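**Student:** After the structure tokens below, expect a handful of questions from me.
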Amino acid sequence: SGYIQPHVGEYFVGAGVKFNTFKQVDSFALLAVAFGVHFELDIIGLSTLKVPNQPPNVPPVALIELELLARFAPEEGFLSVQAQLSAQSYILSKSCHLQGGFAFYSWFSGEHGGDFVISIGGYHPKYKIPKHYPTVPRIGFNWQIDEHAHLKSLGYFALTSSAIMAGGGLDFTYQTSNLKA
């Protein structure tokens, strides 16, 4: 009852499906539908891409794991889709961690009717983020190449009903006991 409050006349069903896309992406999605007094559709999922996928004794060059959450609540006039890379995600080396997220929110009625946001990696640092907008982590990578070299990249893109913004950065640091550049 801490997560799903019982109400007379309210029902829900859930179904999970595990599937593979193009023999490359393994996914699981759970669909929950609430109906009766109110209608709501929710999806949570996880997709994993390993490259190369075959043969199993070859370590992957990349592992990308994406967590997904979607919600459609027509009575609230709200649709959202969010995705975020998990901490397991990497490319080229297990020490080259991928990070970041994506969000699409749309309000088609109610207090915020007509407002929307599409964001990959968040917003400009000086943008005053409305309270009803999602928090989206910066997209990028963080790679400790060896004991001396570190490479980091972060970026963002956002389109809202009132603004468009994009930016990013690349930081390379080389450090020894006597030198830091």
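The values are calculated or read from the model by the stated rules, or taken from the named source; none is laboratory data. Predicted model, so just to flag it, every value in this text is computed and none were measured. Cβ sites come from the backbone with ideal geometry, for glycine too, and all protein chains shown count toward neighbours. Only protein heavy atoms, including side chains, enter the accessible area calculation; ligands, DNA and RNA are left aside. Shrake-Rupley method; radii C 1.70, N 1.55, O 1.52, S 1.80 Å.
**Student:** Mind jotting down the distance between the C-alpha centroids of the range 130-178 and the range 96-112, whole Å?
**Tutor:** Each part reduced to its Cα centre gives a spacing of 18 Å.
**Student:** For the chain, set up a Gaussian network in which alpha carbons nearer than 10 Å are linked by springs, and say which option among Lys18, Lys131, Lys152 fluctuates the most.
**Tutor:** Lys131
**Student:** Counting DSSP beta bridges in the range 15-63, what percent are antiparallel, to the nearest 5?
**Tutor:** Antiparallel bridges: around 100 percent, rounded to the nearest 5.
**Student:** Of Lys94/Lys126; Lys50/Lys94; Lys131/Lys152, which ones are farther than 23 Å apart at the Cα?
**Tutor:** Lys94/Lys126; Lys131/Lys152
**Student:** Next question. If you roll a 1.4 Å probe over the chain with all protein chains in place, what percent of the accessible area is carbon or sulfur?
**Tutor:** Roughly 63 percent, rounded to a whole number.
**Student:** Moving on. Hey, could you pull the Cα Rg and Dmax for the range 80-181, both in Å?
**Tutor:** Considering the range 80-181 through its Cα atoms, Rg and Dmax are 17.1, 61 Å.
**Student:** Per residue, how many Å² of accessible area does the chain show with a 1.4 Å probe?
**Tutor:** Value for the chain: 65 Å² per residue.
**Student:** Using 7 Å Cα-to-Cβ label points, what is the Glu111/Val37 separation (nm, one decimal)?
**Tutor:** Output for this residue pair reads 2.1 nm.
**Student:** By the gyration tensor of its Cα atoms, with a ≥ b ≥ c the square roots of the eigenvalues, what is the shape of the range 27-108: rounded for a/c under 1.5, prolate for a/b over b/c, or oblate?
**Tutor:** Cα axes put the range 27-108 in the prolate bin.
**Student:** Fully extended, how many nm does the chain gain between Gln5 and Cys96 (0.36 nm per residue separation, minus their Cα-Cα distance)?
**Tutor:** 28.5 nm
**Student:** Moving on to the next point. So what J values fall out for the range 101-112 if you push phi through Karplus, 6.51 cos²θ - 1.76 cosθ + 1.60 with θ = phi - 60°, rounded to Hz, Gly and Pro as x?
**Tutor:** Ordered by residue, 3J(HN,Hα) equals x, 9, 8, 10, 10, 9, 10, 9, 6, x, 4, 10 Hz.
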